[in-house]
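Taken together, the values in this text are just the output of simple stated rules run on the coordinates, not laboratory data. Since we're looking at a predicted model, the values are computed, not measured. Counting neighbours? That spans all protein chains shown, and the Cβs are built from the backbone with ideal geometry, glycine included.
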């Protein structure tokens, strides 16, 4: 897609979300969702805002043209998605989950679903959800109790309870398509704890005629209540009771590698949806951080307090803007250097996963898969820090509700829990992603980073950053070898995985800063836009001087293992 066309699309999207959605965010947080007589009502203005989204087509930017979408690259859809979540994160969740669900159906659905259900979801007339968690069971799916039983007429009936279902019910669409994990009983009628018994089912809120696509009556999906939450109050988080609901089994995913999961092959579609949602969660978190930074930097420019330490930097007034103080700048640079590198990384990972060249696809998608838990966990950790740093900078004015940052702190906290808590993401990286394919993905990733580091050495202003980046890959490679040591204690992976994921996140963002720095230096030599490019170079310097050194300390901490975590007897906590 041409640069000018991309710019035009993004500018139009930014204008829409700024004008139509952003005014709904604060009032939606104040009002929250309502639960009346078994139905959910979203905050005032949400229905009109959602309808405007669908009418303008911003909910289907990357959906295929044959399904009614615009057919633009997925990376453009991710960028537009950041605008929507920055403007009104809670409202954006309904559309984002629907997009993830209809993408899953395109890979796993029967022909009649592709004909009747997917186009309705792409258009925004119907919504979608993912239903995994149960009251007694979260990440450990072996403990699920929801069951789906085949009937003599060939249909399936599904029963069970699911909790924490984002968008489980709402008044924005005429139907909701639930993608539900359930266990299938064995020949003896029993439900076992084996993952091989789990399958993914489509369960509509209202019955859909497979032949005509016409809507019928209710389908035994009962909303038992909505959660009273810390944040994202305009997003309805529901408890759903499936009472002998008509269900349709979905096929294994057609995504490359999606069905190669052996005992968990029946969940391949849900795994694909979750991995895509992890990238979406990283972008949601990033959007909250970006908004918080906007509040903080405006405040720092306007708030007068104290005098600049250097006389020549003082204004003529009784006090100077607090942006002159080093600690205020520390908080601002920590935020913005992360935000700009993270945005580049998320879009790059999206491009890796969508590689069109068949010869490169396997290698690049493996690197993208390796980095997916990093995008989800590192981004959400740092985004929550960013929102809190913005509040710290603004002091009491950040803590009160009037100025917007307090809401962003509450909203951004959930992203560390979504799609598997961040500890689970660390374990996924260490136990699954690192050894996959004999460890080829991590080797390929480090090779790409080192290629960029080598390129940086050719530029005087980037040479020291290139050297730092190269040393950081050595630290990661050393930790990979430590994890692979067969003499490791069984608890070591769990004890060190979070620190290792953080290392990879910092280096991956450093990789992006090195690439941006090289581009900036090249354009400066060609007498480009000096102000913009010099700003990029300053942020690049901050990341390499203040953030990348943490990699070496984290490497030492990784190699301490889990001994100090496990020595204390449980009863002494």
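Identify the residues of region 133-175 with backbone N under 12 Å of a label point that sits 7 angstrom from the Cα of residue 188 along the Cα-to-Cβ direction, or state none.
Backbone N within reach: none found.
What angle do you read, to the nearest 10 degrees and between 0 and 90, between the alpha-carbon axis of helix 530-542 and the longest principal axis of the chain?
Value to nearest ten degrees: 80.
Can you give me the Cα centroid spacing of region 119-187 and region 86-105 in angstrom?
Distance between centres, Cα-based: 17 Å.
With axes computed from alpha carbons, what is the tilt in degrees of helix 326-353 against the longest principal axis of the chain, rounded to the nearest 10 within 0 to 90?
That helix lies at roughly 50 degrees to the long axis.
Pairing the Cα long axis of helix 463-484 with the longest principal axis of the chain, what angle in degrees results, from 0 to 90 and rounded to the nearest 10?
40
Based solely on its DSSP helices, what 222 nm [θ] is calculated for the chain when runs of n ≥ 4 H residues each add -39,500 (n - 2.57) and the sum is averaged over all residues, nearest 500 deg cm²/dmol?
After summing the helix terms and dividing by residue count, I get -17500 deg cm²/dmol.
Once a ≥ b ≥ c are taken as the square roots of the eigenvalues of the Cα gyration tensor of region 375-478, is the result rounded (a/c under 1.5), prolate (a/b larger than b/c) or oblate (a/b not larger than b/c)? Walk me through the intermediate numbers first.
On the way: a/c = 4.19, a/b = 1.52, b/c = 2.75.
Oblate shape, in that a/c is at least 1.5 and b/c is the bigger or equal ratio.
Please order 117, 339, 400 by the number of other Cβ within 10 Å, starting at the fewest. Before the final figure, lay out each step's value.
On the way: 117 25, 339 22, 400 12.
Listing 117, 339, 400 from fewest to most nearby Cβ atoms yields 400, 339, 117.
Gap in Å between the Cα centre of region 1-45 and the Cα centre of region 429-480?
Here the two parts' Cα centres lie 39 Å apart.
Listing 104, 98, 315 from the residue with the fewest other Cβ atoms within 10 Å to the one with the most, what is the order?
Values: 104 29, 98 24, 315 12.
Starting with the residue having the fewest Cβ neighbours, the order is 315, 98, 104.
Can you tell me how much longer the chain between residue 212 and residue 312 gets when fully stretched, taken as 0.36 nm per residue apart minus their C-alpha distance, in nm with one decimal?
Gain on extension, residue 212 to residue 312, equals 28.4 nm.
Which ordering of 134, 358 is given by a fewest-first count of other beta-carbon atoms within 10 Å?
Neighbour counts put them in this order, fewest first: 358, 134.
Taking 0.36 nm per intervening residue step and subtracting the Cα-Cα distance, what contour gain separates residue 570 from residue 139 on full extension?
Full-extension gain reported as 152.9 nm.
Name the shape class, rounded, prolate or oblate, that the alpha-carbon gyration tensor gives for region 274-558, where a ≥ b ≥ c are the square roots of its eigenvalues, rounded holds for a/c under 1.5, and otherwise prolate holds if a/b is larger than b/c and oblate otherwise.
prolate
Please list the radius of gyration and Dmax for the chain, considering alpha-carbon atoms only, with Å as the unit.
In Å, with Rg to one decimal and Dmax whole: 24.5, 86.
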